[in-house]
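Accompanying notes for the structure given below.
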Amino acid sequence: MKKITYLTLSLFSAFTFAQEVSQERIKTVISTLASDEMKGREIGTSENDNAANYIASLFKENKLEYCTGNSYLIPFDYKGKTAYNVCGVKKGKSNKFLGFSGHFDHIGTSNNEGDNIYNGADDDASGITTLVGIADYFTNKKPEFSMVFMAFNGEEKGMLGSKAISADQNLDPIYNNMTALFNFEMVATESQWGKNALYMTGDGFSDLDELFNKYAVNGLKINADPYARQQLFYRSDNVSFVKKKIIAHSFSTVDMSKATHYHHEKDDMSVVNLDNMTQIINNFGKSLEKLNPKNFAPKYNDQVKF
């Protein structure tokens, strides 16, 4: 795999002021996170810290405010070491929040000869790139909803980061006003429905997908979860917020019946469909512009288990 060198912020600035997020911007972010230099971003490593700091630099570029304290980095303990989640806020016209999240850690390296790096381009550099892209889209806009962007750590070790940050009482003013959380998990590939389409885990538990699709633009669609038997709704970071009774689902494009790159060394830039990711990110941004606290207030039904 080609090595990707760490790029400076100055290279990014040209992309954040455009009306739409460019494909080159998407490529830069995902390829940096999934580069060989990041060595699989396993929690507890210096490369994982580098990934956290890189995401924080992107949040700074997007003029996000700190979620708490004086840093985008929010520490928590991991086996006696300090690990970090990354969190930033975009103030909107109301104090009601939409959350956007994904996890930036992956599973490190293997003992195999040759390619031994689990680059995690799809899992989940693609999710982080998606939430960064949405922040990019709104850099010079004031949305109806306020927005919180959270990059979780330690998902691969049992959703450690999302458990820690969801329990952080300093963030309760955000959580108490959070209308919904969109958690992006593996969105680098074209879905089984084709381009410009995702599915929502646990779609039968709330009406979020139905409400969002009413305002989705340019053919963007959130489909029902075709892998309901795998209970993906309870297997990703969204569940940490479900337990707080916040509407929280994961959104994905990966075909779980055919994803041979899942937790494999070949989950690198070769699996990434940049055209599709760029289309989804921009259409997500355009759709979000149409949402406000009056027309978007999803609810859980009685089927969900908190």
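The values are calculated or read from the model by the stated rules, or taken from the named source; none is laboratory data. Not measured: the values here are computed from a predicted model. Glycine gets a Cβ as well: all are built from the backbone with ideal geometry, and neighbour counts include every protein chain shown.
Here is how the numbers come out for the structure above:
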item	result
Among (1) in contact (Cβ under 8 Å) with a residue 60 or more places away in the chain; (2) under 19 Å from the mean Cα position of the chain (by Cα); (3) farther than 16 Å from residue 187 by Cβ - the single one residue 125 does not satisfy	(3)
Residue match in region 252-274 (condition: of a type in the set (S, T, N, Q), touching a residue at least 40 places away in the same chain (Cβ under 8 Å), in a loop (DSSP other than H, G, I, E, B) and surrounded by 19 or more Cβ atoms within 10 Å (Cβ to Cβ))	yes
Flag for residue 94 being modelled with pLDDT of 95 or more, surrounded by 14 or more Cβ atoms within 10 Å (Cβ to Cβ), within 26 Å of residue 280 (Cα to Cα) and more than 21 Å from the chain's Cα centre (by Cα)	yes
Flag for residue 148 being hydrophobic (A, V, I, L, M, F, W, C), touching a Ser or Thr at 6+ places or on another chain (Cβ under 7 Å) and either within 22 Å of residue 211 (Cα to Cα) or part of a helix (DSSP H, G or I) (or both)	no
Any hit, region 149-168, residues being on the phi < 0 side of the Ramachandran plot, among the β-branched types (Val, Ile, Thr) and out of contact with any strand residue (DSSP E or B) (no Cβ under 8 Å at 6 or more places or on another chain)	no
Number of the condition not met by residue 56 [criteria: (1) in contact (Cβ under 8 Å) with a residue 40 or more places away in the chain; (2) within 15 Å of the chain's Cα centre (by Cα); (3) over 17 Å from residue 138 (Cβ atoms); (4) not in a loop (DSSP other than H, G, I, E, B)]	(1)
Hey, residue 83 over 16 Å from the mean Cα position of the chain (by Cα) and among the aliphatic types (A, V, I, L, M) or not	yes
Among residues of region 146-179, those that are under 16 Å from residue 252 (Cβ atoms) and touching a Pro at 6+ places or on another chain (Cβ under 8 Å), counted	0
Identity of the residue in region 40-55, surrounded by 20 or more Cβ atoms within 10 Å (Cβ to Cβ) and small (Gly, Ala, Ser), that ends up farthest from residue 75 (Cα to Cα)	40
Restricting region 221-251 to residues that are small (Gly, Ala, Ser) and not in a helix (DSSP H, G or I), the residue that is farthest from the chain's Cα centre (by Cα)	224
